Amino acid sequence: MRIPDAKVALSTASVYPESTATAFEIAGRLGYDGVEVMVWTDPVSQDIDALRRLSDYHRVPILAVHAPCLLITQRVWSTDPWVKLQRARTAAEKLGASTVVVHPPFRWQRSYARDFVRGLWRMADETDVRFAVENMYPWRYRDREMLAYAPDWDVTNDDYRHFTIDLSHTSTARTDALQMIDRMGDRLAHIHLADGNGSAKDEHLVPGRGKQPCAEVLERLATSGFDGHVVIEVNTRRAMSAAEREADLAEALAYTRLHLASPTGVPGR
């Protein structure tokens, strides 16, 4: 068996509405290789010292920081999106994380969107931290579609140094995940692993419970020399208990490790 160097991390968003601290506890108990911190309204997610204490206590490394790009985090770490990215980079550097995940700007952030590609290149030249821009999707309501992101929700249409691919977002966008990975090529630095059934809602199902090629993506990583991180970013809000949430996250980890282990000598697996 050939197992790539990629580490499997748990996004702290995967335990919502539980806390960031709970994510560290679960990641340590289940044997995840680390966590990706989603910086959001939980004060602990914004506090570098508190995050370092959690990491040390649970012996769970912080592998990535997700900058606060969501609608609900517009006032987290400033209202200036460039300040948010600078603070995310500083957090990653101080916490030993290799990657900052960032979404493309909203279209109404006109000044930010105009300089986004060039600005990211400038910031990337100042640090060893990777800024991995995440694919998004059109917003849909019934038969209407709104393009909410600029320069584009399909980040492969622009010149970024590193990419994150999110398989729940490819599902919502109704685009081919494997073709997107081909377009990303060796600039693919980070994976948000989740599943989806093509709903207009961003589903973030446990891998294997939807229609996305999660297994095929992992098997391709196993033979491609991928050296980034695979992050489980799933929605467990409907879990009826803490035990059910933990079972979902254990299933996601087992699925990921199973498909990352690829038979040697079998190209394309």
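The values are calculated or read from the model by the stated rules, or taken from the named source; none is laboratory data. Keep in mind it's a predicted model, so treat the numbers as computed, not measured. With ideal geometry, Cβ positions are generated from the backbone for all residues, glycine too; neighbour counts draw on all protein chains shown. Surface areas here come from the heavy atoms of the whole protein model, side chains and all, with no ligands, DNA or RNA. Shrake-Rupley method; radii C 1.70, N 1.55, O 1.52, S 1.80 Å.
For the reader, a short list of remarks on this structure follows.
- Label separation (M240 vs S111): 5.2 nm, computed from points 7 Å beyond Cα along the C-beta direction.
- Sites D128 and V44, calculated FRET efficiency, Cβ-Cβ separation with R0 35 Å, nearest 0.05: 0.85
- Element breakdown for segment 1-65 at a 1.4 angstrom probe: carbon and sulfur atoms account for 49% of the accessible area.
- Annotation: extensible slack from A261 through W121 equals 47.0 nm (criterion: 0.36 nm per residue apart, minus Cα-Cα distance).
- Antiparallel %, DSSP beta bridges [both residues in segment 120-269], to 5: 25
- The stretch between R52 and L71, if pulled fully straight at 0.36 nm per residue, gains 4.2 nm over its current Cα-Cα span.
- Volume per residue that the Cα convex hull of segment 128-225 spans, once the total is divided by residue count, Å³: 99
- In this simple spin-label model, placing a label point 7 Å from the Cα along the Cα-to-Cβ direction at both S78 and D176 gives a separation of 4.2 nm.
- Segment 98-214, accessible surface, carbon-and-sulfur percent (1.4 angstrom probe): 44
- Residues K7, K201, sorted by accessible area with the largest first, give K201, K7 [1.4 Å probe; ligands and nucleic acids excluded].
- Ratio Rg/Rh, restricted to the chain and using Cα atoms, in which Rh is the Kirkwood radius: 0.94
- Surface analysis of the chain yields an accessible area of 46 Å² per residue, using protein heavy atoms and a 1.4 Å probe.
- Candidate aspartates and glutamates - alpha carbon under 17 Å from K7, same-chain residues fewer than 8 apart omitted: D33, E36, D166, E219, D227, E233, E251
- Förster-model FRET efficiency, 22 Å R0, K94 and R29, C-beta, rounded to 0.05: 0.30
- Electrostatic dipole magnitude of the chain [Cβ: Lys, Arg +1; Asp, Glu -1; Cα centre; debye, to 20]: 340
- Using R0 = 41 Å, the C-beta based FRET efficiency linking D227 and Y141 works out to 0.55.
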